[in-house]
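**Student:** Take this structure first; my questions come after.
The values are calculated or read from the model by the stated rules, or taken from the named source; none is laboratory data. It should be emphasised that the depicted structure is a prediction, and the values quoted were computed from it without experimental measurement. Backbone-built Cβ (ideal geometry, glycine too); neighbour counts: all protein chains shown. Only protein heavy atoms, including side chains, enter the accessible area calculation; ligands, DNA and RNA are left aside. Shrake-Rupley method; radii C 1.70, N 1.55, O 1.52, S 1.80 Å.
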Amino acid sequence: PQVVKNSSVTEFILEGLTNHQELQIPLFFLFLGFYVVTVVGILSLITLTGLNSHLHNPTYFFLYNLSFIDFCYSTVITPKMLMSFVSTKNIISYAGCMTQLFFFTFFAVSESFILSAMAYDCYVTICNPLVYTATMSPQVCLPILLGLYVMGFARAMAHTACMGRLTFCANNLVDHFRCDILPHLERSCTSTYVNELVVFVVVGIDIGVPTATIFISYGRSKAFSTCSSHIIAVSLFFGSGAFMYLKPSSLLPMNLGKVSSLFYTIVVPILNPLIYSLRNKDIKIAMKKTLSKKSFS
């Protein structure tokens, strides 16, 4: 995205996760391991979905896209965070910071709405199995997917544009490991009222509407036990996001904010492939078939 730079600050220094030097290298290897496991798990899930024809249905169409979003989502954040553990100064340019913020918001919002789409798919599977093929046809799924990406793009543009209107003070040290909205608002020399209002309203909608949709769908279909893996993923993602953005900043110390942010940016992408594979019979069957084919060949 093109961002108009109206600030005296041309770069930011990201303070990182911790100031304790003795923890930098252990944390680097810990989160590098998390990232490798995340990438391997997501790419394995995407490969299994692509190679096995019995997984070519709406349920796994949305799961495929969730995996793709998680991969992009994690890649936008983790490599830059890893640099903070091995660099004396973790510097990011103003344009680079706004770009990271845009893509993080885009993929985060897209994930929230694709989780809703997956809940609707689960609802139709349980409550209307006889008309599932017609209800969840490609003519329905593709517009849903396009719509959720449009929602992600619109929200990302809104947050990035609001950030672009601010003027930042000379102190460009940001107490965070990534470019995020709330930590950067603390460095603004101008009023942040509009930004805070946009965050509260937009994030409230992006968390509230999907959460309500998901739990109403599952409540009507009595599918809480059947779709428990999806409930776990939803609770982890929305719960940590709400804890970060839907509380007054004065009530949430930045250290707790960083922990919450760490949870939904690092932990959730690594858990999603595990949740959807370990608790899914179709994925297990596909994995056995794929491995047996390789062994036979």
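**Student:** If you take the residues in the stretch 270-284 that are open to solvent by 80 Å² or more (accessible area, probe 1.4 Å) and of a type in the set (A, V, I, L, M, F, W, C), which one is modelled with the highest pLDDT?
**Tutor:** If we take residues in the stretch 270-284 being open to solvent by 80 Å² or more (accessible area, probe 1.4 Å) and of a type in the set (A, V, I, L, M, F, W, C), then Leu274 is modelled with the highest pLDDT.
**Student:** Let me ask something additional. For the stretch 82-93, give me each residue that is crowded, with 17+ Cβ neighbours inside 10 Å and closer than 21 Å to Met163 by Cα.
**Tutor:** Result: Asn90, Ile92.
**Student:** Also, quick follow-up: Restricting attention to the stretch 176-196, and to residues there that are part of a helix (DSSP H, G or I) and more than 23 Å from Gly96 (Cβ to Cβ), which single residue is least open to solvent (accessible area, probe 1.4 Å)?
**Tutor:** It comes out as Val194.
**Student:** Consider the stretch 268-284. How many of its residues are among the aliphatic types (A, V, I, L, M) and either touching a Phe, Trp or Tyr at 6+ places or on another chain (Cβ under 7 Å) or touching a residue at least 60 places away in the same chain (Cβ under 8 Å) (or both)?
**Tutor:** Within the stretch 268-284, residues that are among the aliphatic types (A, V, I, L, M) and either touching a Phe, Trp or Tyr at 6+ places or on another chain (Cβ under 7 Å) or touching a residue at least 60 places away in the same chain (Cβ under 8 Å) (or both) number 4.
**Student:** Name the single residue, out of those in the stretch 109-127 being β-branched (Val, Ile, Thr) and more than 17 Å from Gly219 (Cα to Cα), that is surrounded by the most Cβ atoms within 10 Å (Cβ to Cβ).
**Tutor:** Residue satisfying both the conditions and the ranking: Val109.
**Student:** (1) loosely packed, with under 14 Cβ neighbours inside 10 Å; (2) within 19 Å of the chain's Cα centre (by Cα): which one isn't true of His56, the others all being true?
**Tutor:** His56 satisfies all of (1) loosely packed, with under 14 Cβ neighbours inside 10 Å; (2) within 19 Å of the chain's Cα centre (by Cα) except (2).
**Student:** Let me ask another. Suppose we filter Gly204, Gly164, Gly152 for residues that are closer than 25 Å to Tyr276 by Cβ and out of contact with any Asp or Glu (no Cβ under 6 Å at 6 or more places or on another chain); which single one remains?
**Tutor:** Gly152
**Student:** Which one of these does Tyr73 not meet: (1) open to solvent by less than 10 Å² (accessible area, probe 1.4 Å); (2) modelled with pLDDT of 90 or more; (3) within 16 Å of the chain's Cα centre (by Cα); (4) among the hydroxyl-bearing types (Ser, Thr, Tyr)?
**Tutor:** (2)
**Student:** Now a separate question. When you go through Val199, Val267 one by one, which is the residue that is open to solvent by less than 20 Å² (accessible area, probe 1.4 Å) and either of a type in the set (Asp, Glu) or at pLDDT 80 or above (or both)?
**Tutor:** After ruling out the rest, the residue left standing is Val199.
**Student:** Does the stretch 148-163 contain at least one residue that is modelled with pLDDT under 90 and part of a helix (DSSP H, G or I)?
**Tutor:** For the stretch 148-163, residues modelled with pLDDT under 90 and part of a helix (DSSP H, G or I): absent.
Conditions tested, residue by residue: (1) without any contact (Cβ under 8 Å) to a residue 12 or more places away in the chain; (2) open to solvent by less than 30 Å² (accessible area, probe 1.4 Å).
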| residue | (1), (2) |
| --- | --- |
| Ala95 | no, no |
| Phe102 | no, yes |
| Phe107 | no, yes |
| Pro129 | yes, no |
| Met136 | no, yes |
| Pro143 | yes, no |
| Gly164 | no, yes |
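**Student:** When the stretch 18-67 is examined, which residues are found to be touching a helix residue (DSSP H, G or I) at 6+ places or on another chain (Cβ under 6 Å), aromatic (Phe, Trp, Tyr) and either free of Cβ contacts under 8 Å to residues at least 24 places away in the same chain or not in a helix (DSSP H, G or I) (or both)?
**Tutor:** The one that is touching a helix residue (DSSP H, G or I) at 6+ places or on another chain (Cβ under 6 Å), aromatic (Phe, Trp, Tyr) and either free of Cβ contacts under 8 Å to residues at least 24 places away in the same chain or not in a helix (DSSP H, G or I) (or both): Tyr64.
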